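Colleague: Shown below is the structure under consideration.
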Amino acid sequence: MLAEWRNQEKTILALIDEGSGHVVIADPGHPLWDLHAGRSDIAAFVAPIVPEPTPEEIRAALPPLSRRQVFIALHRLGLITAAEAVAAAATGAVPAALEPVFAGLPEPEATDARVTFAAFQVAYRLDPLTTMIATAGGLDDAAIDTIWTGFAAV
């Protein structure tokens with residue numbers, strides 16, 4: 001039976017059956033503790049290496065923005081007019097700045113994009129619609145990330 005420490009303090013011991021791979025975790029109150037904690041062949045604890053999240057993983061973890069937050073952000077950033085923000089929020093009307101992006105798509109994707117825009121309730125950072133809006137506004141990933149975090153509390 002293999003044994004390895006699971007923490008630096010040596011208060012959690014993993015006992016591993018080599019044949020089955022079954023692991024028993026023992027601590028000072030466990031019946032197997034006294035039998036195994038004093039062994040000289042216990043593998044040292046090695047802290048797991050946790051990689052830094054990628055920019056895409058960070059973006060995927062951002063909470064969604066509500067429809068209201070998106071239209072307020074677009075208006076405050078000057079990407080759509082006040083009238084367009086109100087119309088988009090009330091009726092799903094596509095603002096002028098987004099129309100060329102939707103018009104440039106082949107059918108049925110153009111209609112799908114317009115319907116998605118008109119009906120969305122929350123916007124996710126990595127959603128294709130977010131990418132379309134960013135493209136229409138000439139915004140790069142860093143700018144969209146700033147918008148996402150900046151308007152989350154609006």
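Colleague: Restricting attention to the stretch 40-93, and to residues there that are surrounded by 11 or more Cβ atoms within 10 Å (Cβ to Cβ) and of a type in the set (S, T, N, Q), which single residue is farthest from A142 (Cα to Cα)?
Modeller: The residue in question is T81.
Colleague: Scanning the stretch 99-113 for residues that are more than 21 Å from D140 (Cβ to Cβ) and small (G, A, S), which turns out surrounded by the fewest Cβ atoms within 10 Å (Cβ to Cβ)?
Modeller: Among those residues, the one meeting the criterion is A103.
Colleague: Is it true that A90 is touching a Phe, Trp or Tyr at 6+ places or on another chain (Cβ under 9 Å), under 15 Å from A118 (Cα atoms), assigned by TED's automatic domain parsing to the domain that holds P128 and part of a helix (DSSP H, G or I)?
Modeller: On the way: touching a Phe, Trp or Tyr at 6+ places or on another chain (Cβ under 9 Å): no; under 15 Å from A118 (Cα atoms): yes; assigned by TED's automatic domain parsing to the domain that holds P128: yes; part of a helix (DSSP H, G or I): yes.
It is false that A90 is touching a Phe, Trp or Tyr at 6+ places or on another chain (Cβ under 9 Å), under 15 Å from A118 (Cα atoms), assigned by TED's automatic domain parsing to the domain that holds P128 and part of a helix (DSSP H, G or I).
Colleague: Just one of the numbered conditions (1) surrounded by fewer than 15 Cβ atoms within 10 Å (Cβ to Cβ); (2) part of a helix (DSSP H, G or I) is not true of A96; which one?
Modeller: The single condition A96 does not satisfy is (2).
Colleague: Could you check, for the stretch 114-129, whether at least one of its residues is surrounded by 18 or more Cβ atoms within 10 Å (Cβ to Cβ), under 28 Å from P55 (Cα atoms) and β-branched (V, I, T)?
Modeller: No; the residues of the stretch 114-129 include none that is surrounded by 18 or more Cβ atoms within 10 Å (Cβ to Cβ), under 28 Å from P55 (Cα atoms) and β-branched (V, I, T).
Colleague: I've got another one for you. From A89, A14, A3, A93, grab the single residue that is farther than 30 Å from G150 by Cβ and touching a helix residue (DSSP H, G or I) at 6+ places or on another chain (Cβ under 8 Å).
Modeller: Details: A89 fails: farther than 30 Å from G150 by Cβ; A14 fails: touching a helix residue (DSSP H, G or I) at 6+ places or on another chain (Cβ under 8 Å); A93 fails: farther than 30 Å from G150 by Cβ.
A3 is the lone residue from the list that is farther than 30 Å from G150 by Cβ and touching a helix residue (DSSP H, G or I) at 6+ places or on another chain (Cβ under 8 Å).
The values are calculated or read from the model by the stated rules, or taken from the named source; none is laboratory data. Because the structure is predicted, anything quoted here is derived from the model rather than measured. Cβ coordinates were reconstructed from backbone atoms using ideal geometry, including for glycine residues, and neighbour counts include every protein chain displayed.
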